[in-house]
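Computed from the coordinates by the stated procedures, all read-outs in this text should not be read as laboratory data. Worth saying up front: this structure is predicted, and the values here are computed from it rather than measured. Counting neighbours? That spans all protein chains shown, and the Cβs are built from the backbone with ideal geometry, glycine included.
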């Protein structure tokens, strides 16, 4: 059953994630108005609360400058895949919904 309610955009953006320990800079795989999907080497648990910052490129938005967004959310899915050679750490995808957000002024 499909539970997505917003159109997803395949954007690889740096994202600063705080939750489940130390802050990490990761990369998004896609972004929507309702959430983000993050590529990571170590996952978070479903239900974990997270805070994250991301910068949306002004060029993409048709704005004169980039837009920084601060979000509060929670992990709703964790996808793990094994490495092909068995030596590298597993790749993890983390789906987070955005519960609240605010735009930061430059």
Packing-based exposure ordering (other Cβ within 10 Å, fewest first) of 98, 15: 98, 15
Sorted by Cβ neighbour density within 10 Å, fewest at the top, the residues 101, 37: 101, 37
Residues 72, 66 arranged by fewest to most Cβ contacts within 10 Å: 66, 72
